[in-house]
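Reading through the structure tokens given below for one structure.
The values are calculated or read from the model by the stated rules, or taken from the named source; none is laboratory data. Every value quoted in this text rests on a predicted model; they were computed, and no experiment measured them. Cβ sites come from the backbone with ideal geometry, for glycine too, and all protein chains shown count toward neighbours.
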Amino acid sequence: MLNPLGKKAKNKVDNAEAPARRRPRSVERRIREQEKQLTDQTAAQRRKRRAARDVYSAVGFDLMYKDGICQVEEGLFSQTIAFDDISYQSAREESQQAIFSGWCQLFDYFGAETCVQLTVTNTPIPASEIGRMRFFEEGAPETAEYAREYNRILNDKMREGVSNLVRERYLTFSTLAPDVDAAVPKLARMRSDAMQTLNKIRSSARPLSGEERLRAIHSQLRPGKPFSFSWDAVGATRGLTAKDLVCPMSLDFKPEGSGTCYRSEGVWCQVLSLHRFGSELSDRCLAEIIDLPIPLNVTLHVQAMDKAKAVAYVKKRLAWMDKEIIDEQMGAVKKGYDFQILPSELKYSKEEAEDLLDHLQNKNQRLFVYTGLVFTYAPTREELDDQVMQIVATARRNSIECDTLDYRQREGMNSILPLGHNHVQVCRMMTTAQVAIQMPFATQELAQEGGGYYGQNKQSSNLVLCNRKRLASPMGFVAGKPGSGKSFSVKREIENTILAYPDDEVIILDPAGEYAPVVEGNGGECIRFAPDSGTHLNPFDLSDVAHQSTAAQMAFKIDAFLALSSATMAEGSQGLPEADKSIISRCVELAYSECADEGRLPLLGDFHRILSEQPEREARDIALRYERYVKGALSFFNHESNVTFEKRITNIDFKDLSENMRAFGIVAVLETVRNRMYYNFERGVTTWLYIDEVQSLFGHPAVITYFSKFWAEGRKFNLVCTGITQNSVYMLEHEEARNMVLNSDFILLHKQSPLDRKAWVDLLDLSAQEAGYIDESIRAGEGLLVAGGARIPIKDDFPKGALYDLFNTKPEEIAAMKKASEFAARARERKGSAAHATLAERCARLARESGGAWRGTATELADALGMAGANPSKLSKDVAACGLESAGASMRREARGKRTTIVISATA
């Protein structure tokens with residue numbers, strides 16, 4: 001007999017074993033389930049946020065970690081990266097296509113399990129800071145006055161900016177995970193791939209820390225309010241979370257009964273949706289909205305659909321359209337007119353859907369669920385309405401229709417926060433190309449923290465501030481024809497460096513003797529190389545590199561002497577023969593070896609003597625070329641060095657050297673600078689080197705090799721080198737020079753001659769618009785600044801004053817200044833002469849009134865002349881120098897013990 005419970009027991013066993021026999025789920029099915037799970041979970045959380053009765057619960061995130069990972073909802077985590085602007089709008093068409101392709105790759109990377117948010121914010125600089133910012137600290141006494149004037153000038157120029165907005169670009173991505181530990185590797189992989197893709201289009205990207213993300217959220221939740229945050233203020237013992245410190249005190253989503261906007265702590269805010277688009281979109285459609293000089297936030301939420309699901313979705317829509325067409329045709333037949341005539345809207349929709357299916361199946365396009373939002377705010381409702389009208393009008397010009405989110409402002413507020421979570425259910429389908437064409441790169445601005453002033457943006461008049469230390473390769477070039485403002489801008493940057501980095505050293509190689517005013521005005525030292533200067537420089541000096549190995553020192557010195565030897569050759573453009581190189585290398589090592597036994601460093605004379613003793617004929621030829629630098633008027637390189645860098649600003653003047661000797665002198669000084677660079681690197685000091693007429697270093701192959709090696713090596717040892725030239729074509733003819741330019745992230749181009757402009761256009765791949773910024777039609781001081789991936793058209797109308805006088809290089813103005821100075825000196829001289837004549841007459845009269853001679857101390861003389869407050873010692877000197885003879889008197893001193901008596905006698 002069967003147990004009545006047996007059947008049930010067997011069923012239980014079967015049910016228990018069922019999961020083990022269940023077929024494993026396919027990858028596609030798991031992706032679809034994950035996407036569905038994400039949608040369901042975020043929908044539930046959205047409903048909770050919408051129903052929240054307090055501010056804390058209504059704001060759409062839970063936790064923020066220090067490393068920048070945010071727990072948006074339970075099981076949903078996100079991270080944000082900030083990326084820099086690039087010069088997309090002014091680039092060549094080929095460059096724009098490459099950027100567009102890279103932008104498509106970025107969106108295609110993210111899968112259906114990820115939500116992606118693109119955010120561009122325009123945040124106004126606080127009114128309290130405009131005109132009151134301190135760009136440079138008033139440090140050393142000799143530079144304090146210049147710092148005050150520079151700060152005043154930049155604050156005045158800041159008021160000229162059309163917007164004074166800080167523009168930031170964020171990319172936020174979110175994913176599901178059971179906890180933060182599981183989310184970290186997922187987000188790290190997405191962050192790494194996204195940053196790599198952005199770097200390919202030359203947009204530098206970095207992840208935001210937790211505090212930076214909170215600052216970005218705070219700027220949108222509490223517009224215009226100062227951000228004050230510290231991790232020390234949050235925690236279990238404090239009873240506060242990071243969210244507490246960024247949430248507004250109040251949110252009113254029906255201000256004055258209106259459901260189209262809301263108020264946050266008294267500020268009027270409104271979120272609009274981008275819900276209808278024209279058939280053709282321009283890559284300026286989003287940029288023109290971003291360029292509006294108003295506070296705003298443009299946010300795009302994008303989530304990819306599974307490829308199979310997207311194709312099925314489009315096919316389903318096509319099937320419905322086919323059914324509608326059949327219905328239309330059947331109706332037409334019944335009514336007796338041509339069944340091929342279809343409604344234009346239906347016909348167009350069918351063609352568009354077929355085109356979309358072709359893109360999905362054959363052109364590697366993906367389908368995205370897209371939501372576009374624009375947020376703005378103002379202190380009053382009227383100002384808010386004006387700003388909204390500007391946004392709507394600009395969007396319509398670009399075939400985009402905006403709509404107000406009536407009674408959905410709470411969802412809009414949470415959706416524009418850079419959290420990677422879309423609360424607004426106003427969406428449409430877009431392909432990869434349709435999403436990517438909405439470029440976030442508008443009018444490019446450059447305002448790096450701690451940067452120096454390079455002018456104003458020619459399009460917006462905002463300040464252009466570049467921090468060269470933040471560039472991947474801070475080395476650079478400044479080029480322009482005479483009269484283009486090149487020297488003025490270089491002097492201005494030197495002043496930037498002096499004021500911004502008070503611990504750094506600045507060295508200037510000055511072949512024309514024009515940088516002395518800015519150096520001496522800031523307490524620096526000018527060193528002049530000339531036959532009569534008494535300045536000596538030993539190319540064999542090793543004082544600053546004594547810490548390096550002997551082999552390394554020797555290798556560097558051999559390279560330097562190969563360059564020096566090349567610079568002495570009349571036929572230097574042909575380069576040094578291999579035999580000469582071997583002889584020079586041998587003699588350099590012999591010079592160090594022989595002089596080491598004597599306990600001293602070799603001199604150029606020792607090198608010349610050793611060359612003369614060599615058996616090869618080539619050695620004697622080399623020695624003959626060095627002879628003029630060893631003997632006679634040009635022997636100032638044949639002495640122990642007396643050039644020091646005791647002051648942090650040094651100008652080395654080569655004006656009095658002949659043209660063919662200048663390259664030799666510059667290479668000799670560069671070797672000293674290299675030694676100094678190593679020394680500064682060891683103590684953590686950056687060396688800034690400015691080389692004017694740098695094209696002179698590209699006339700000899702060995703010099704070019706030495707200089708290119710010096711340039712490449714300097715980046716590793718905190719050297720920031722700037723080459724200055726007015727003859728770009730000559731320099732850029734050499735492959736090494738072109739490579740140096742391409743490996744430098746700072747290039748400042750002023751007005752160029754046609755040939756020079758063509759050379760720069762070809763090398764930097766400038767567009768026609770960018771080439772127009774450096775043509776001959778521009779004014780002095782205008783040009784194009786290339787800083788990393790940024791290309792900014794600049795202008796500069798620097799006001800006259802003490803700084804202008806330091807920077808000025810216009811011959812007529814300098815002549816006028818010298819003339820005015822001479823007039824002032826003559827006036828002082830005439831005034832002094834008149835004073836002396838008066839003093840002489842008074843002394844002569846005193847002597848005559850005293851019976852022909854007056855006798856007394858300097859103090860008694862001051863009393864006798866009615867000058868009781870005068871300094872007795874100074875009065876005694878003035879009387880001796882005032883020309884008593886012309887007034888008929890004379891003066892002598894008589895010493896009696898410790899007492900000195902002045903005797904003034906009448907001679908006529």
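Quick rundown of the values:
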{"read-out": "The stretch 267-290, residues that are within 11 Å of M439 (Cβ to Cβ) and either of a type in the set (A, V, I, L, M) or not assigned by TED's automatic domain parsing to the domain that holds E256 (or both)", "value": "L281, L286, A287, I290"}
{"read-out": "In the stretch 748-760, the residues that are in contact (Cβ under 8 Å) with a residue 40 or more places away in the chain and either touching a helix residue (DSSP H, G or I) at 6+ places or on another chain (Cβ under 6 Å) or crowded, with 22+ Cβ neighbours inside 10 Å (or both)", "value": "L748, L749, H750, K751, Q752, D756, W760"}
{"read-out": "Matching residues in the stretch 654-694 - criterion: being touching a strand residue (DSSP E or B) at 6+ places or on another chain (Cβ under 7 Å), part of a helix (DSSP H, G or I) and either of a type in the set (D, E) or modelled with pLDDT under 90 (or both)", "value": "I666, V669, V673, R676"}
{"read-out": "Condition met for F135 (of a type in the set (A, V, I, L, M, F, W, C) and assigned to a strand (DSSP E or B))", "value": "no"}
{"read-out": "From the options L732, L748, residue that is of a type in the set (A, V, I, L, M, F, W, C), modelled with pLDDT of 90 or more and more than 21 Å from V667 (Cα to Cα)", "value": "L748"}
{"read-out": "Residue that is modelled with the highest pLDDT, among those in the stretch 224-261 that are part of a loop (DSSP other than H, G, I, E, B) and under 23 Å from I81 (Cβ atoms)", "value": "V246"}
{"read-out": "Unique match (being among the basic types (K, R) and assigned by TED's automatic domain parsing to the domain that holds I69) among R191, R152", "value": "R191"}
{"read-out": "In the stretch 415-434, the residues that are surrounded by fewer than 24 Cβ atoms within 10 Å (Cβ to Cβ) and assigned to a helix (DSSP H, G or I)", "value": "T432, A433, Q434"}
{"read-out": "Those residues of the stretch 95-119 which are over 25 Å from K186 (Cβ atoms) and touching a residue at least 12 places away in the same chain (Cβ under 8 Å), in sequence order", "value": "S95, Q96, A98, I99, F100"}
{"read-out": "Inter-residue pairs, beta-carbon under 8 Å, first in the same structural domain as A58 (by TED's automatic domain parsing) and touching a residue at least 24 places away in the same chain (Cβ under 8 Å) and in the stretch 228-244, second surrounded by 12 or more Cβ atoms within 10 Å (Cβ to Cβ) and among the β-branched types (V, I, T), 6+ apart", "value": "T241/V234; A242/V234; K243/V59; D244/V234"}
{"read-out": "Which numbered condition P602 fails, given (1) modelled with pLDDT under 85; (2) over 30 Å from A140 (Cβ atoms); (3) buried (at least 23 other Cβ atoms within 10 Å of the Cβ)", "value": "(1)"}
{"read-out": "Scope the stretch 882-901; condition within 12 Å of C843 (Cβ to Cβ) and not in a strand (DSSP E or B); matching residues", "value": "C882, G883, L884, E885, S886, A887, G888"}
{"read-out": "Answer residue from the stretch 178-194, given it is surrounded by fewer than 18 Cβ atoms within 10 Å (Cβ to Cβ) and of a type in the set (A, V, I, L, M, F, W, C) and is farthest from F77 (Cα to Cα) among those", "value": "A188"}
{"read-out": "Any hit, the stretch 796-815, residues being out of contact with any helix residue (DSSP H, G or I) (no Cβ under 7 Å at 6 or more places or on another chain), crowded, with 20+ Cβ neighbours inside 10 Å and at pLDDT 65 or above", "value": "yes"}
{"read-out": "Check on L446, more than 26 Å from E525 (Cα to Cα), aliphatic (A, V, I, L, M) and either at pLDDT 95 or above or in contact with an Asp or Glu (Cβ under 6 Å, 6 or more places away or on another chain) (or both)", "value": "no"}
{"read-out": "Filtered residues of the stretch 577-629 (kept if in a helix (DSSP H, G or I) and of a type in the set (K, R))", "value": "K581, R586, R609, R617, R620, R625, R628"}
{"read-out": "Residues of the stretch 450-460 that turn out to be part of a loop (DSSP other than H, G, I, E, B) and touching a strand residue (DSSP E or B) at 6+ places or on another chain (Cβ under 8 Å), as a count", "value": "3"}
{"read-out": "Test result for L240, out of contact with any Asp or Glu (no Cβ under 8 Å at 6 or more places or on another chain), of a type in the set (A, V, I, L, M, F, W, C) and within 30 Å of N462 (Cβ to Cβ)", "value": "no"}
{"read-out": "All positions within the stretch 286-333 that are of a type in the set (V, I, T), over 48 Å from the mean Cα position of the chain (by Cα) and under 27 Å from H423 (Cβ atoms)", "value": "none"}
{"read-out": "Where Y170 falls short, out of the listed (1) surrounded by fewer than 19 Cβ atoms within 10 Å (Cβ to Cβ); (2) under 21 Å from the mean Cα position of the chain (by Cα)", "value": "(1)"}
{"read-out": "Residue selected from the stretch 307-344 under the condition in contact (Cβ under 8 Å) with a residue 40 or more places away in the chain and of a type in the set (G, A, S), by the criterion surrounded by the most Cβ atoms within 10 Å (Cβ to Cβ)", "value": "A310"}
{"read-out": "Selection count, the stretch 195-230, where residues are surrounded by 13 or more Cβ atoms within 10 Å (Cβ to Cβ) and closer than 29 Å to V267 by Cα", "value": "20"}
{"read-out": "Cross-chain or 6+ apart pairs with Cβ under 8 Å, the stretch 509-529 first and among the aromatic types (F, W, Y), then in a strand (DSSP E or B)", "value": "Y515/I508; Y515/N651; Y515/Y690; Y515/D692; F529/I652; F529/D653"}
{"read-out": "The one condition in (1) farther than 28 Å from V374 by Cβ; (2) crowded, with 21+ Cβ neighbours inside 10 Å; (3) among the charged types (D, E, K, R) that E138 fails to fulfil", "value": "(2)"}
{"read-out": "Failed criterion for S641 (all others in (1) in a helix (DSSP H, G or I); (2) among the small types (G, A, S); (3) touching a residue at least 12 places away in the same chain (Cβ under 8 Å); (4) surrounded by 14 or more Cβ atoms within 10 Å (Cβ to Cβ) hold)", "value": "(1)"}
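Conditions (1) buried (at least 20 other Cβ atoms within 10 Å of the Cβ); (2) closer than 25 Å to L697 by Cα; (3) not charged (D, E, K, R), marked per residue:
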site	(1), (2), (3)
V741	yes, yes, yes
S744	yes, yes, yes
D762	no, yes, no
E770	yes, no, no
G781	yes, no, yes
L785	yes, yes, yes
P793	yes, no, yes
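The rows are residues; the columns are (1) of a type in the set (G, A, S); (2) surrounded by 19 or more Cβ atoms within 10 Å (Cβ to Cβ).
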site: K48; (1), (2): no, no
site: C70; (1), (2): no, yes
site: S78; (1), (2): yes, yes
site: S101; (1), (2): yes, no
site: L118; (1), (2): no, yes
site: A144; (1), (2): yes, no
